[in-house]
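The values are calculated or read from the model by the stated rules, or taken from the named source; none is laboratory data. These figures come from a predicted structure and were not determined experimentally. Cβ coordinates were reconstructed from backbone atoms using ideal geometry, including for glycine residues, and neighbour counts include every protein chain displayed. Note: accessible area is taken over every heavy atom of the protein model, side chains too, but ligands, DNA and RNA are not part of it. Shrake-Rupley method; radii C 1.70, N 1.55, O 1.52, S 1.80 Å.
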Amino acid sequence: MFEFLKRNKSTITVSPDTVKESTNKRIFLAGGISNCPDWQSYVADELKKKVKNLDIINPRRTVWDDERKDSSVSLDQIVWEKEYLDECDYVLFWFPKNTLCPITLFELGAALYTKNITSIGIEPGYQREFDVITQVGLVDKGIKITNSLDSMISQTVESINFQNKINTLTVDIKPATKPKKPVMKLATVTHGFF
């Protein structure tokens with residue numbers, strides 16, 4: 001009855017919660033978690049304000065460091081991230097300077113060949129900046145790399161909105177009339193062999 005209330009709604013799902021079924025596109029916030037500031041909450045809130053119909057997947061658990069001592073929680077987290085990385089339509093990457101982000105580097109390597117990466121952000125002082133820029137450049141998908149969260153958010157919003165416009169374009173294309181085939185007369189060749 002109130003279908004209009006469901007439209008234009010973006011959501012944020014935080015690990016280990018399950019994303020609710022929707023027709024929204026999904027974006028995964030890939031990047032440093034351990035020993036890093038909570039950049040994901042800021043990015044998720046900004047994307048929710050600026051992009052319609054987007055499910056934002058935030059892998060940062062609200063109680064992460066205390067739970068990390070339990071290996072089953074770590075296993076659940078790895079499986080959760082893999083599942084949602086596989087299911088998402090978009091991925092953004094943030095490399096904070098606080099750590100090397102080895103898992104994020106691994107995820108970036110896989111995503112470069114399989115996912116629609118909206119943007120990559122590298123905080124000034126990140127130790128592997130050269131490596132990330134070089135690897136991304138070798139793939140040559142036109143991915144923009146930035147050095148601030150705000151410019152990464154802006155690029156992501158621009159990329160998603162552009163994709164949404166492309167997806168909603170409808171073009172009335174009439175099938176071309178096929179040209180009439182010319183009548184070809186086959187020549188009869190006689191060689192006298194038969």
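Out of everything in region 73-102 that is of a type in the set (A, V, I, L, M) and buried (at least 17 other Cβ atoms within 10 Å of the Cβ), what residue ends up being farthest from residue 31 (Cα to Cα)?
85
So, in region 34-47, how many residues would count as being without any contact (Cβ under 8 Å) to a residue 60 or more places away in the chain and either more than 19 Å from residue 11 (Cβ to Cβ) or open to solvent by 10 Å² or more (accessible area, probe 1.4 Å) (or both)?
3
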If you check 163, 135, which single one turns out to be in contact (Cβ under 8 Å) with a residue 12 or more places away in the chain, open to solvent by 90 Å² or more (accessible area, probe 1.4 Å) and among the polar types (S, T, N, Q)?
135
State yes or no: is residue 73 over 22 Å from the mean Cα position of the chain (by Cα), over 15 Å from residue 153 (Cβ atoms) and at pLDDT below 90?
yes
So how many residues does region 35-60 have that are under 17 Å from residue 95 (Cα atoms) and out of contact with any helix residue (DSSP H, G or I) (no Cβ under 8 Å at 6 or more places or on another chain)?
7
Hey, can you tell me all the residues within region 103-159 that are polar (S, T, N, Q), within 15 Å of the chain's Cα centre (by Cα) and more than 20 Å from residue 44 (Cα to Cα)?
114
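Out of 125, 137, I need the residue that is among the small types (Gly, Ala, Ser) and modelled with pLDDT of 95 or more. Which one? Walk me through it before giving the result.
Details: 137 fails: modelled with pLDDT of 95 or more.
Unique residue meeting the criteria: 125.
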Out of the residues in region 69-104 meeting the condition of being of a type in the set (D, E, K, R) and assigned to a helix (DSSP H, G or I), tell me which one is nearest to residue 22 (Cα to Cα).
87
